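The values are calculated or read from the model by the stated rules, or taken from the named source; none is laboratory data. Treat the numbers as computed from the prediction; the structure is a model and nothing was measured. A quick note on method: Cβ atoms are made from the backbone with ideal geometry, for glycine too, and the neighbour counts reach across all protein chains shown.
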């Protein structure tokens with residue numbers, strides 16, 4: 001079955017607004033009403049930008065603040081079509097959901113939970129009429145399934161703006177079943193409920209996973225086709241996610257769960273002492289042992305086994321996994337020390353610890369068992385790879401990464417899913433004049449599905465063909481909304497777009513691809529990351545990851561130009577897309 005688009009994308013625009021008024025919705029919620037010319041269509045530095053649009057009930061915008069108070073220095077660069085997050089030491093960003101957008105009055109309403117923590121809450125506490133605020137977004141809006149017999153809305157106080165907006169502006173007639181956890185009864189709000197709706201308020205400490213899980217399990221299970229939406233503290237949502245997917249059997253397209261905030265655990269005295277010591281001397285390089293032990297637990301199925309049957313003894317767990325008892329005996333003490341499991345010394349059996357709960361999340365476990373984890377393991381061969389001028393991946397596996405992923409559907413699928421974010425960056429490409437005379441477009445690379453989606457969003461309708469080997473083609477087919485409209489054979493085209501097709505290829509393999517594209521077209525576009533994403537906390541690792549995969553660092557404009565030249569192409573121009581990504585337009589020489 002073909003995948004269905006779950007989001008509508010929006011142009012990314014940096015906007016400035018000012019405070020018009022502030023009032024308290026409840027003793028626990030402060031509303032800041034903002035306005036300004038940038039909410040309408042406007043022109044900055046000669047570039048026209050569309051009016052602010054946030055049609056989805058859970059859209060989020062990124063507020064831009066600065067720890068040193070110099071917000072102007074923290075602002076990203078506005079591109080003609082997108083945002084480039086340039087490095088900024090004191091930049092702070094926080095995501096917030098618009099509570100209301102009043103286009104007639106030119107106003108945007110934001111609600112802030114009042115709990116005295118965080119830079120955004122501090123800003124709202126001191127906000128006065130005329131104060132400025134800069135933000136970017138939203139980048140997309142959630143699309144609800146076409147048929148809904150019911151919708152379940154779950155959240156804590158931070159989710160109240162989204163829940164309240166859905167109930168005010170709902171676009172579906174299905175009854176809504178609402179569950180909200182609040183830290184105090186004073187946080188309750190009047191919500192626009194209709195006949196058939198239900199609401200449950202639960203008083204619990206912020207981030208209380210057990211209370212949220214119990215409350216969700218106590219809700220009735222409506223019949224028919226529904227949709228579950230949840231937003232709260234990220235760890236508190238883990239058992240909710242597991243319950244909805246494993247026990248309620250809701251499929252991926254019927255669930256949307258988002259961690260709105262992350263509770264910082266207080267450091268243990270020993271850990272605090274280590275932190276103090278680190279502040280006085282060089283930092284200790286962390287051991288890879290916890291990572292390897294967690295990886296083993298996931299590969300064995302241990303985390304899932306304890307999640308599905310809490311209370312197992314060590315012996316019962318060993319029998320369930322088919323692992324000899326002495327092996328489990330070696331693993332469990334370490335898993336307990338790292339917070340993956342809680343031991344059965346009290347006779348209650350094994351249960352998941354806080355780290356184990358996180359490892360039940362599909363995105364979290366990819367770090368230990370997915371493609372990224374395999375690249376990390378290949379770094380064991382970094383020193384000899386650097387000496388030999390080859391990739392650590394090739395030394396570790398005996399084959400190039402390109403050869404590996406093109407014969408492994410799961411690995412190629414991970415690349416395609418990583419490229420899903422591309423759709424938010426491709427406006428600059430789809431708006432380029434090169435498309436005006438394009439009748440046929442040839443696509444290749446794991447980002448091809450995102451290019452198709454971006455062309456659709458831009459109203460571009462060229463004939464499409466995809467040039468890929470059998471396994472990648474089958475994976476891409478599953479990520480397109482209408483795969484039957486695609487010609488799945490390579491052939492002549494007015495333009496070819498290679499979307500992240502070079503990221504898993506060596507220079508030689510990349511040159512071979514470009515030479516092959518020259519047989520089919522005189523114009524090609526390479527969509528690749530040329531520099532680290534300025535917002536990523538792992539920006540310093542980007543070049544190493546690229547080298548591990550291909551034996552080359554991130555390819556900048558000069559490296560792309562060199563590859564093009566050796567393959568019979570010349571660089572016509574480069575289109576900045578944002579987040580370190582560029583589209584390089586090549587012409588055949």
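Brief remarks on what is shown
- Residue 323 falls short on exactly one of the conditions (1) in contact with a helix residue (DSSP H, G or I) (Cβ under 7 Å, 6 or more places away or on another chain); (2) part of a helix (DSSP H, G or I), and that condition is (2).
- Looking across region 57-70, the residues that are at pLDDT below 95 and out of contact with any helix residue (DSSP H, G or I) (no Cβ under 9 Å at 6 or more places or on another chain) come down to 69, 70.
- When 558, 564 are checked against the criterion of being touching a residue at least 24 places away in the same chain (Cβ under 8 Å), in the same structural domain as residue 499 (by TED's automatic domain parsing) and either in a helix (DSSP H, G or I) or buried (at least 23 other Cβ atoms within 10 Å of the Cβ) (or both), a single residue qualifies: 564.
- Selection within region 15-37 - within 21 Å of residue 54 (Cα to Cα), touching a helix residue (DSSP H, G or I) at 6+ places or on another chain (Cβ under 6 Å) and surrounded by fewer than 19 Cβ atoms within 10 Å (Cβ to Cβ): 16
- Residues located in region 326-378, provided they are assigned to a helix (DSSP H, G or I) and more than 30 Å from residue 418 (Cβ to Cβ): 326, 327, 328, 329, 330, 331, 332, 333, 334, 336, 337
- Residues of region 200-249 that turn out to be out of contact with any strand residue (DSSP E or B) (no Cβ under 8 Å at 6 or more places or on another chain), assigned to a loop (DSSP other than H, G, I, E, B) and under 25 Å from residue 115 (Cα atoms), as a count: 1
- Selection of region 174-194 for residues being surrounded by fewer than 15 Cβ atoms within 10 Å (Cβ to Cβ) and in contact (Cβ under 8 Å) with a residue 12 or more places away in the chain yields 184, 185, 186, 192, 193, 194.
- With respect to being at pLDDT 95 or above and under 31 Å from the mean Cα position of the chain (by Cα), residue 170 falls outside the description.
- Scanning region 156-178 for residues that are closer than 12 Å to residue 191 by Cβ and either touching a helix residue (DSSP H, G or I) at 6+ places or on another chain (Cβ under 9 Å) or assigned to a loop (DSSP other than H, G, I, E, B) (or both) yields 160, 170, 176, 178.
- Hits in region 308-341 - residues which are surrounded by 15 or more Cβ atoms within 10 Å (Cβ to Cβ) and more than 24 Å from residue 374 (Cβ to Cβ): 312, 314, 316, 317, 318, 320, 328, 332, 336, 339, 341
- Residue check for residue 422: touching a residue at least 40 places away in the same chain (Cβ under 8 Å), touching a helix residue (DSSP H, G or I) at 6+ places or on another chain (Cβ under 9 Å) and crowded, with 17+ Cβ neighbours inside 10 Å: yes
- So residue 411, is it outside any loop (DSSP other than H, G, I, E, B), surrounded by 16 or more Cβ atoms within 10 Å (Cβ to Cβ) and not assigned by TED's automatic domain parsing to the domain that holds residue 582: no
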